[in-house]
Amino acid sequence: MKQKWRIGAGWVLLLAVIIQAGCGHPSQSVLDPAGPAGRSQLGLIYLSTGIMTLVVIVVAAIYIYVVYRFRERPGEEEIPEQVEGSRKLEVLWTVIPIILLVILAVPTISATFTLNKKPEPEQSMRVNVVGFQYWWGFEYPDLGVQTANEVHIPTGTQVDFQMTSGDVIHAFWAPSLGGKQDLNPGIQNRLVLEADRPGVYEGRCTELCGASHALMNFRVIAHPPEEFEEWVASMRNPSSQPQTPLASEGKKLVSQNCIGCHAIDGAGFEIKGRTGPNLTAFGKRTRIAGVWENNKENLEAWLKDPQVVKPGNRMPAFDHLSKKEISALVEYLSDLK
Ligand code: HEC
Ligand SMILES: [Cu+2]
């Protein structure tokens with residue numbers, strides 16, 4: 001039964017991918033690069049696929065020819081001339097692969113060094129990334145802004161992502177922009193990405209990290225520079241105060257239940273928890289925990305039991321709260337803009 005359910009889910013996922021690809025909306029494909037890193041990697045993919053295709057065609061052609069040419073014919077007892085130890089052939093099939101590997105290696109090594117180059121601090125923007133089971137923390141050290149699961153960047157700017165992990169090994173991959181890079185505890189790795197056009201670029205964890213690894217998604221949202229400046233300004237001065245009595249009730253509940261793990265800038269809480277995603281301007285996020293559309297219904301379900309959505313994640317269920325209390329929390333959180 002479970003197996004059937006999984007196969008069904010697989011088909012739904014495949015269909016979703018096809019439909020998404022059709023919309024050309026959130027982009028998640030190495031074949032549709034949106035920046036220099038992705039383009040350079042796609043070039044290498046074409047080169048290696050081209051060389052491999054050539055090898056397969058040549059080897060298959062020789063194979064078919066040999067099988068046909070030296071087949072056993074009726075009345076023919078003799079075995080064909082044996083060529084074991086032929087110096088000419090040995091040299092030939094050693095030298096050809098060496099040449100192919102050199103053709104592959106030179107651009108690959110050169111691209112690897114280019115992609116790993118430290119960008120000029122004046123011409124780039126630094127973003128610190130920390131991976132956790134199963135969410136992404138993003139910090140803009142020069143802008144004084146923090147967010148989670150959705151990282152906003154300006155187009156046409158090199159973004160110097162410096163990454164590490166808060167627990168196990170994760171890996172950062174936004175296929176359209178380029179990648180991947182591992183996030184190792186205690187080590188800082190770099191990935192420099194740039195988006196040439198505004199858009200939403202899907203990202204994923206690509207290092208098996210636990211039960212909800214497959215749900216450890218993020219989004220890179222690229223804006224034209226002026227729009228990005230507006231986003232930064234709104235994050236520096238977020239509206240974190242409740243607008244309705246219900247939301248005030250919600251804020252109180254947050255201060256009693258949530259701030260040990262979550263920070264909300266501008267709300268005036270004394271404690272700023274760091275073991276969960278920063279919830280500043282949470283109402284502006286497109287998704288909850290990177291997997292669910294951000295709307296009131298889903299948020300309610302998330303708070304009642306986050307484990308249903310993301311098995312094994314580190315947020316406890318709040319099913320002991322009353323319906324009214326959950327509504328109050330939802331009201332306050334969705335108003336954070
Ligand atoms: C013990 C720590 C802890 C407590 C307490 C906690 N959370 Fe969380 N919360 C987390 C973690 C960890 C995540 C990330 C889950 C994941 O995606 O893996 C999370 C995720 C979330 C998210 C999704 C964030 C995003 O970026 O999409 C929301 C919303 C949220 N929590 C709200 C709350 C509220 C409201 C409370 C209080 C009623 C609360 N949390 C209490 C740890 C906690
Ligand atoms: Cu992960």
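Only residues that are open to solvent by 40 Å² or more (accessible area, probe 1.4 Å) and within 12 Å of ligand 2 (Cβ to nearest atom): list them for segment 131-141, please. Before the answer, list the steps.
Looking only at segment 131-141, we keep the residues that are open to solvent by 40 Å² or more (accessible area, probe 1.4 Å), and these are 132, 139, 141.
The one that is open to solvent by 40 Å² or more (accessible area, probe 1.4 Å) and within 12 Å of ligand 2 (Cβ to nearest atom): 132.
Sort through 253, 321, 279 and tell me the only one that's within 20 Å of residue 137 (Cβ to Cβ) and touching a residue at least 40 places away in the same chain (Cβ under 8 Å). Quick ask: steps written out before the conclusion?
Numbers: 253 fails: within 20 Å of residue 137 (Cβ to Cβ); 321 fails: within 20 Å of residue 137 (Cβ to Cβ).
Just one listed residue meets the conditions, 279.
Within segment 253-276, is there a residue that is over 27 Å from the mean Cα position of the chain (by Cα), loosely packed, with under 13 Cβ neighbours inside 10 Å and part of a helix (DSSP H, G or I)? Taking every residue of segment 253-276 in turn, at least one turns out to be over 27 Å from the mean Cα position of the chain (by Cα), loosely packed, with under 13 Cβ neighbours inside 10 Å and part of a helix (DSSP H, G or I).
Please count how many residues of segment 79-111 are under 22 Å from residue 171 (Cβ atoms) and open to solvent by 80 Å² or more (accessible area, probe 1.4 Å).
Going through segment 79-111, the residues under 22 Å from residue 171 (Cβ atoms) turn out to be 108-109, 111.
Narrowing further to those that are open to solvent by 80 Å² or more (accessible area, probe 1.4 Å): 109.
Summing the residues that are under 22 Å from residue 171 (Cβ atoms) and open to solvent by 80 Å² or more (accessible area, probe 1.4 Å) in segment 79-111 gives 1.
In segment 205-226, the residue that is nearest to residue 120 (Cα to Cα) out of those that are of a type in the set (D, E, K, R) and without any contact (Cβ under 8 Å) to a residue 40 or more places away in the chain is 226. Filtering segment 305-319 to residues that are near ligand 1 (Cβ under 6 Å from one of its atoms) and over 22 Å from the mean Cα position of the chain (by Cα) leaves 316, 318. Among the residues of segment 142-187, the ones that are within 16 Å of ligand 2 (Cβ to nearest atom), under 22 Å from residue 41 (Cβ atoms), open to solvent by less than 30 Å² (accessible area, probe 1.4 Å) and of a type in the set (A, V, I, L, M) come to 5 in all.
From the set of residues in segment 91-137 that are under 30 Å from residue 167 (Cβ atoms) and of a type in the set (Ser, Thr, Tyr), which is nearest to ligand 1 (Cβ to nearest atom)? Of everything passing the filter in segment 91-137, 134 is nearest to ligand 1 (Cβ to nearest atom).
The values are calculated or read from the model by the stated rules, or taken from the named source; none is laboratory data. Keep in mind the model is a prediction, meaning the values are calculated, not measured. Counting neighbours? That spans all protein chains shown, and the Cβs are built from the backbone with ideal geometry, glycine included. Note: accessible area is taken over every heavy atom of the protein model, side chains too, but ligands, DNA and RNA are not part of it. Shrake-Rupley method; radii C 1.70, N 1.55, O 1.52, S 1.80 Å.
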